[in-house]
Amino acid sequence: MAMRRVIRASCVSSSSTGYLARKFHASSGDSKKIVGVFYKANEYASKNPNFLGCVENALGIRNWLESQGHHYIVTDDKEGPDCELEKHIPDLHVLISTPFHPAYVTAERIKKAKNLQLLLTAGIGSDHIDLQAAAAAGLTVAEVTGSNVVSVAEDELMRILILMRNFVPGYNQVVNGEWNVAGIAYRAYDLEGKTVGTVGAGRIGKLLLQRLKPFGCNLLYHDRLQMGPEMEKETGAKYVESLDEMLPKCDVVVVNTPLTEKTRGMFNKEMIGKMKKGVLIVNNARGAIMDRQAVVEAVESGHIGGYSGDVWDPQPAPKDHPWRYMPNQAMTPHISGTTIDAQLRYAAGTKDMLEKYFKGEDFPAQNYIVKDGELAPQYR
């Protein structure tokens with residue numbers, strides 16, 4: 001914000017000169033060094049030609065980038081002072097990462113990255129970047145908005161049903177050669193008639209509500225903005241302005257809000273204590289929105305009847321992460337937004353933004369997370 005005011009006031013100040021120089025170079029035809037950080041697919045890389053979001057297939061843009069004279073380096077090695085990513089920080093121009101194997105871009109890394117101009121998220125969610133530091137440095141941060149919203153919403157619906165029907169213990173019985181119907185049925189329920197509330201009703205939240213409507217649920221949502229009347233009618237969802245008012249009513253709570261300084265650790269012991277005993281929680285948003293230990297204690301006590309999600313803090317989750325060992329959990333690695341269909345969309349969106357970057361053109365407005373020194377509203 002401060003940088004933007006400086007630019008307007010005087011285009012010859014040192015801070016504004018640095019910002020304008022970065023923007024000028026972004027539109028030049030010079031060769032750029034682009035680094036992508038993705039997960040390794042190993043033997044799975046060749047099993048599907050559309051498996052683009054991995055190190056081996058590198059979003060499918062290597063030949064295109066190199067044919068234009070750009071230098072494209074791809075790695076999964078992103079942690080520690082001696083990692084592969086760290087070697088390229090001083091002279092890279094563009095860093096591409098995904099939420100599924102995030103390259104954490106700290107203020108320290110931004111300070112070292114003298115040539116850095118653009119930070120792209122192949123997918124949705126740029127909280128692995130220190131956005132304030134990026135804004136202060138005059139960097140552009142963008143993501144492929146909408147690329148995996150269908151994928152995540154479908155996954156959330158699946159998780160609600162998995163928890164509601166107590167599916168995982170039943171599956172484990174089969175794998176372990178057991179047969180104990182009572183051990184599953186005593187805490188299995190129908191979704192029909194239950195109250196489901198989403199904390200956040202952006203693109204994913206709205207799609208989830210649309211998909212839940214045919215199940216005959218009582219649907220609630222809390223967000224900083226209320227939907228228009230047509231969308232409320234289409235989803236059948238009712239707006240609840242106060243989160244404290246909504247949570248005690250819910251049999252199922254779904255987290256669909258971005259990770260910001262306001263939402264970090266939001267679901268702490270006090271907040272969880274306001275929910276119904278036995279509440280089911282689905283979180284495909286970000287792991288750090290939850291107080292890690294508060295979730296563990298509530299699941300172990302039975303106050304949370306079941307917890308499912310695919311987001312952790314940090315990612316990848318260490319082997320000793322306590323959520324791996326909680327009772328009544330249905331956790332997975334971060335997979336909901338990286339279906340093959342989503343990969344095709346976020347790979348195409350990344351290529352489109354790179355093309356615009358090379359030409360000095362603007363991205364689609366909704367893709368910007370940081371532009372002109374200012375954060376998008378959802379990250380403020």
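Only beta bridges with both residues in the chain are counted; by DSSP, about 10 percent of them are antiparallel.
Kyte-Doolittle mean at least -0.5 and Cα extent at least 15 Å along the axis: which DSSP H helices of the chain qualify?
Qualifying helices, which must be both long enough and hydrophobic enough, are 14-26, 149-164.
Across all directions, the average projected area of the convex hull around the alpha carbons of region 324-380 is 6.5 nm². Beta bridges per DSSP, both residues in region 149-331: antiparallel share near 0 percent. Radius of gyration over Kirkwood radius for region 149-331, both on Cα atoms: the Rg/Rh ratio is 0.96. The distance linking region 108-156 with region 306-380 is 8 Å (Cα centroid to Cα centroid, whole angstrom).
In this simple spin-label model, placing a label point 7 Å from the Cα along the Cα-to-Cβ direction at both LYS319 and ALA365 gives a separation of 5.1 nm. Counting only protein heavy atoms and a 1.4 Å probe, the chain has 46 square angstrom of accessible area per residue. Projected onto their three principal axes, the Cα atoms of region 113-231 cover extents of 62, 43, 20 Å, largest first. Scanning residues 5 or more positions from ALA41 or on other chains, those with amide H under 5 Å from its amide H are VAL55, GLU56, with H placed 1.01 Å from N in the peptide plane.
Considering only ASP362, ASP223, ASP352, the Gaussian network model of the chain with Cα springs below 10 Å gives its largest mean-square fluctuation to ASP362.
Please state the charge dipole magnitude for the chain, taken about the Cα centre, from unit charges on C-beta atoms (+1 on K and R, -1 on D and E), reported in debye and rounded to the nearest 20. Present the calculation step by step, with values, prior to reporting the outcome.
Values: 44 positive and 44 negative charges, 138 e Å.
The dipole of the chain has a size of about 660 debye.
Working note: Karplus 6.51/-1.76/1.60 with θ = phi - 60° gives region 52-58 the couplings 9, x, 10, 4, 4, 9, 6 Hz, where Gly and Pro are set to x. Structure remark: mean-square fluctuation, Gaussian network model of the chain, C-alpha springs under 10 Å; the largest value among ARG345, ARG159, ARG324 belongs to ARG324. Summing +1 for each Lys or Arg and -1 for each Asp or Glu among the other residues whose beta-carbon sits under 12 angstrom from that of ASP251 gives +2. Ordered from longest to shortest, the equivalent ellipsoid semi-axes for region 24-145 are 22, 17, 14 Å, each the square root of 5 times a Cα gyration tensor eigenvalue.
Computed from the Kirkwood radius of its Cα pairs, the Stokes-Einstein diffusion coefficient for the chain at 37 °C and 0.692 mPa s stands at 148 µm²/s. The slack in the chain from LYS114 to ALA45, taken as 0.36 nm per residue of separation less the alpha-carbon distance, amounts to 21.5 nm. Converting the Cα gyration tensor eigenvalues of region 283-380 into ellipsoid dimensions via √(5λ) gives semi-axes, longest first, of 36, 16, 11 Å. Of all aspartates and glutamates in the structure, those lying under 14 Å Cα to Cα from LYS262, and not within fewer than 8 positions of it along the same chain, are ASP127, ASP223, ASP291. Amide H contacts of ILE129: VAL105, each under 5 Å away and 5 or more positions distant or on a separate chain (H built 1.01 Å from N in the peptide plane; Pro and chain starts excluded).
222 nm [θ] for the chain, helices only, -39500 (n - 2.57) per DSSP H run of 4+, per residue, to 500?
Numbers: 15 runs with 129 residues, N = 380.
Mean residue ellipticity at 222 nm (helix-derived): -9500 deg cm²/dmol.
For the chain, which whole-number percentage of the solvent-accessible area (1.4 Å probe, protein heavy atoms only) is attributable to carbon and sulfur atoms? Intermediate values should be presented prior to the final figure.
Numbers: 9390 of 17640 Å².
Percent of accessible area from carbon and sulfur atoms in the chain: 53.
State which entries of LYS33/LYS356; LYS40/LYS356; LYS213/LYS233; LYS78/LYS319; LYS78/LYS359 exceed 21 angstrom in Cα-Cα distance in the structure shown. In this structure, LYS40/LYS356; LYS78/LYS359 exceed 21 Å between Cα atoms.
Dipole size of region 149-331 about its Cα centre, with +1 on Lys/Arg Cβ and -1 on Asp/Glu Cβ: approximately 40 debye, rounded to the nearest 20. Available extension along the chain between LEU225 and ILE335 is 36.8 nm, counting 0.36 nm per residue and deducting the alpha carbon span.
For GLY36, the residues whose modelled amide H falls within less than 5 Å of its own, excluding neighbours fewer than 5 places apart on the same chain, are ILE73, VAL74, THR75, ILE96. With the charge dipole of the chain set up from +1 on Lys and Arg Cβ and -1 on Asp and Glu Cβ about the Cα centre, the Cα lying farthest toward the positive end among the listed residues VAL150, TYR239, LEU344 is that of TYR239.
Highest GNM mean-square fluctuation among LEU119, LEU95, LEU191, for the chain modelled with Cα contacts below 10 Å: LEU191.
Working note: Cα gyration tensor of region 98-153, eigenvalues times five, square-rooted, sorted largest first, giving semi-axes of 23, 11, 8 Å.
The values are calculated or read from the model by the stated rules, or taken from the named source; none is laboratory data. What you are looking at is a predicted structure, and each value in this text was computed from that prediction instead of being measured. Note: ideal-geometry Cβ built from the backbone for every residue, glycine included; neighbour counts use all protein chains shown. Keep in mind that these areas ignore ligands, DNA and RNA; they rest on the heavy atoms of the full protein, side chains included. Shrake-Rupley method; radii C 1.70, N 1.55, O 1.52, S 1.80 Å.
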